[in-house]
């Protein structure tokens with residue numbers, strides 16, 4: 001992937017003051033097999049490796065009922081991303097796009113999202129498949145799939 005501070009041809013960055021207009025509360029840490037950006041997949045796959053959303057103990061009770069869903073949306077802070085590009089050339093092919101026209105992790109507010117498959121919940125840790133972030137990424141939030149407005153129906157009683 002190269003040096004994250006190096007601009008590709010046709011890319012443009014802006015000078016920014018330090019961010020100070022919002023406060024986020026990290027709720028835990030994401031554990032994945034990827035420790036280097038060059039090894040991290042560009043998009044997560046539901047058949048990918050199991051990864052862990054390790055929640056801080058204060059949030060363990062917030063997991064109640066999560067197992068009623070198959071698919072979750074995970075939001076995380078891309079703490080190693082630069083935040084100053086307004087135009088990007090993602091494939092280094094000379095084509096340039098505005099940052100908001102891309103799903104690049106390089107954003108003014110580098111919030112990553114992944115739709116993941118819930119595998120299980122155990123002791124304050126959510127095991128999922130489908131992530132595409134580095135090991136140690138700060139966890140922002142977990143939500144049921146936005147298309148599943150309610151939990152799975154309970155199994156019907158046998159007659």
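The table for this structure:
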{"quantity": "Residues that are within 17 Å of the chain's Cα centre (by Cα) and outside any loop (DSSP other than H, G, I, E, B), drawn from region 120-131", "calculated": "125, 126, 127, 128, 129"}
{"quantity": "Residue check, residue 53 buried (at least 17 other Cβ atoms within 10 Å of the Cβ), in contact (Cβ under 8 Å) with a residue 12 or more places away in the chain and farther than 30 Å from residue 10 by Cα", "calculated": "yes"}
{"quantity": "Residues that are assigned to a loop (DSSP other than H, G, I, E, B) and surrounded by fewer than 16 Cβ atoms within 10 Å (Cβ to Cβ), drawn from region 29-50", "calculated": "33, 35, 36, 41, 42, 43, 45, 46, 47, 49"}
{"quantity": "Subset of region 74-114 (residues that are surrounded by 15 or more Cβ atoms within 10 Å (Cβ to Cβ), assigned to a strand (DSSP E or B) and touching a residue at least 60 places away in the same chain (Cβ under 8 Å))", "calculated": "74, 75, 76, 77, 85, 87, 88, 114"}
{"quantity": "Test result for residue 62, surrounded by 12 or more Cβ atoms within 10 Å (Cβ to Cβ), without any contact (Cβ under 8 Å) to a residue 60 or more places away in the chain and not in a strand (DSSP E or B)", "calculated": "yes"}
{"quantity": "Positions within region 43-71 being closer than 17 Å to residue 111 by Cβ and modelled with pLDDT under 95, in sequence order", "calculated": "43, 44"}
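The values are calculated or read from the model by the stated rules, or taken from the named source; none is laboratory data. In this text, all values refer to a predicted model and were calculated from it rather than measured experimentally. Glycine gets a Cβ as well: all are built from the backbone with ideal geometry, and neighbour counts include every protein chain shown.
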